[in-house]
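Here's the structure we're looking at; comments come further down.
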Amino acid sequence: MANNETPETNDQGIEKEEDIGVVQRTPMVIHRQYLKDLSFENPNAPGIFQNMDDRPEMDMNIMLDVNKIEHEKHEHYYEVVLSLKASAVRAEDAMFLAQIDYAAAVSIERIKPAQHHPLLFIEVPKMLFPFARHILSFVTQNGAFTPLQVGPVDFRQMYLARFGDKNASEEQTEAESNEADDAEKQAAH
């Protein structure tokens with residue numbers, strides 16, 4: 001079996017014995033993941049700890065940034081930065097403000113550049129998120145607050161909300177262009 005082929009399976013979907021242990025080479029490699037920036041502010045301590053009975057107003061933002069980076073060995077090399085920003089306010093007093101930028105250096109090979117976008121904005125953040133969430137929880141706990149537990153994030157839905165209309169209009173424009181090319185070819189014959 002060649003490296004780029006899918007392993008054959010039996011009628012129950014189980015790989016045939018000769019294919020067990022064969023690992024497909026992934027088109028995406030995370031070379032490094034790292035804490036790029038971390039900030040925690042506890043501006044009203046210790047006074048803010050006197051009345052912890054009231055529930056604070058919480059605000060949470062998640063942002064993604066992707067930058068292509070020149071690399072001597074990899075043609076398609078990127079930095080993906082996942083930013084988590086959380087704040088808590090009680091009775092107009094800031095309890096805390098935490099921000100983390102957690103990043104990865106990623107290369108992508110053997111797939112078309114047009115397919116890089118969803119990998120970089122969906123799959124890489126899915127891999128980075130548990131690490132960033134853990135650091136954010138740890139930092140808030142060390143600020144003398146209950147550890148901030150951020151729930152799962154649907155990066156696919158975030159991607160569709162941010163780029164869905166753009167990608168749909170690009171696909172429509174490409175389809176219209178292909179139809180025009182086909183009409184020109186037909187008219188030429």
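Number of residues in region 98-117 that are surrounded by fewer than 17 Cβ atoms within 10 Å (Cβ to Cβ) and assigned to a strand (DSSP E or B) equals 0. Beta carbons closer than 7 Å, at least 6 apart along the sequence or on distinct chains, pair a first residue in region 48-72 that is more than 30 Å from Glu123 (Cα to Cα) with a second that is part of a loop (DSSP other than H, G, I, E, B) for Phe49/Ala144; Asp54/Ala91.
Cβ-Cβ contacts under 9 Å between residues 6 or more apart (or on different chains), taken from a first residue in region 101-116 that is over 16 Å from Phe131 (Cα atoms) and free of Cβ contacts under 8 Å to residues at least 24 places away in the same chain to a second residue that is open to solvent by less than 10 Å² (accessible area, probe 1.4 Å) and part of a strand (DSSP E or B), are listed as Gln115/Ile108.
Pairs linking a residue in region 142-164 that is within 13 Å of Pro130 (Cα to Cα) to a residue that is at pLDDT 95 or above and basic (Lys, Arg), with Cβ atoms under 7 Å and 6 or more positions apart or on different chains, are Val150/Arg133; Phe155/Lys126.
Within region 118-148, restricting attention to residues that are assigned to a loop (DSSP other than H, G, I, E, B) and touching a helix residue (DSSP H, G or I) at 6+ places or on another chain (Cβ under 7 Å), the residue that is most open to solvent (accessible area, probe 1.4 Å) is Ala144. Against the numbered list (1) at pLDDT below 90; (2) open to solvent by less than 60 Å² (accessible area, probe 1.4 Å), Gln50 comes up short only at (2).
The values are calculated or read from the model by the stated rules, or taken from the named source; none is laboratory data. Remember, predicted model here, so these are calculated numbers, not experimental data. Heads up, the Cβs are rebuilt from the backbone with ideal geometry, glycines too, and the neighbour counts pull from every protein chain shown. With ligands, DNA and RNA removed, areas are computed over all heavy atoms of the protein, side chains included. Shrake-Rupley method; radii C 1.70, N 1.55, O 1.52, S 1.80 Å.
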